[in-house]
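These notes are about the structure you will find just below.
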Amino acid sequence: MSRLYRSTITDFVLQSSSGDLTSESEVVMSEQNRTLADFPQKLKRSTQTPDLVYVRATDFYAVRGTPAGAERNVPVLTVNADDGESIRVYRGVPKQTRTASGSPSVTPVYALPSTESVVIPTGRVFVRFADAIKAETKVDELKQAGYKIAQTLAYAPNAAWLEATNGEVALALNNLEKLEALADVENVEPQLLAPRALK
């Protein structure tokens, strides 16, 4: 799992600069031309912690991928996913323009209302089946739910990291209930990065 760091909305506000911020080269849509409205408003932390629910932090958004050129604005913070992908968080509302295939993409930021802890979904989802069930035997069922296996775990053959079949973060988050409903599933948990605010 990713190494998690904690932050707060307050940290973001203190670190952000004034003005209408946009991402580098005014990139604000994914290569699949999805808008932030395609993402769920609420995000449950896991099957085993159903009462821990994050909500969309509408004052912030994240930009994934390597910038094509010089950034027009300084991000509030920058973190790296497990695969080394750079994720930058900006304050404000992204403009509704489109990007070419291969350009950085925009994803939402979520917050836990009770503590204001901020998290960024990566699009990966951890699934654990019953002990006697190997994740690799569930490929067809996972595909029907909209997922493919991205990584199996040698130490836990009944578990795996998943991604949406088309690679979209929004689809991975929107199909979590379908994944939970599969036979023998004991836990579903979207991968969420909780970055530390820049000093």
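Readers should treat all values here as calculations from the given coordinates under stated rules, not as data from a laboratory. What you are looking at is a predicted structure, and each value in this text was computed from that prediction instead of being measured. Glycine also receives a Cβ, built like all others from the backbone with ideal geometry; neighbour counts cover every protein chain displayed.
Computed values, structure above
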{"read-out": "Positive-end extreme of charge dipole, segment 124-191 - chosen from GLY167, PHE126, GLN144 (charges on Cβ)", "value": "GLY167"}
{"read-out": "Greater than 23 Å apart at Cα, pairs in LYS138/LYS178; LYS44/LYS178; LYS42/LYS134", "value": "LYS42/LYS134"}
{"read-out": "For VAL93, residues with placed amide H under 5 Å, excluding near neighbours", "value": "LEU21"}
{"read-out": "Low-density loop positions, GluC sites (Glu not before Pro), segment 113-145 - DSSP coil, at most 14 other Cβ in 10 Å", "value": "GLU116"}
{"read-out": "Net dipole in debye of segment 120-199 [+1 Lys, Arg Cβ; -1 Asp, Glu Cβ; about Cα centre; nearest 20]", "value": "400"}
{"read-out": "Amide H contacts of ALA160 (H built 1.01 Å from N, under 5 Å, at least 5 apart or other chain)", "value": "VAL127"}
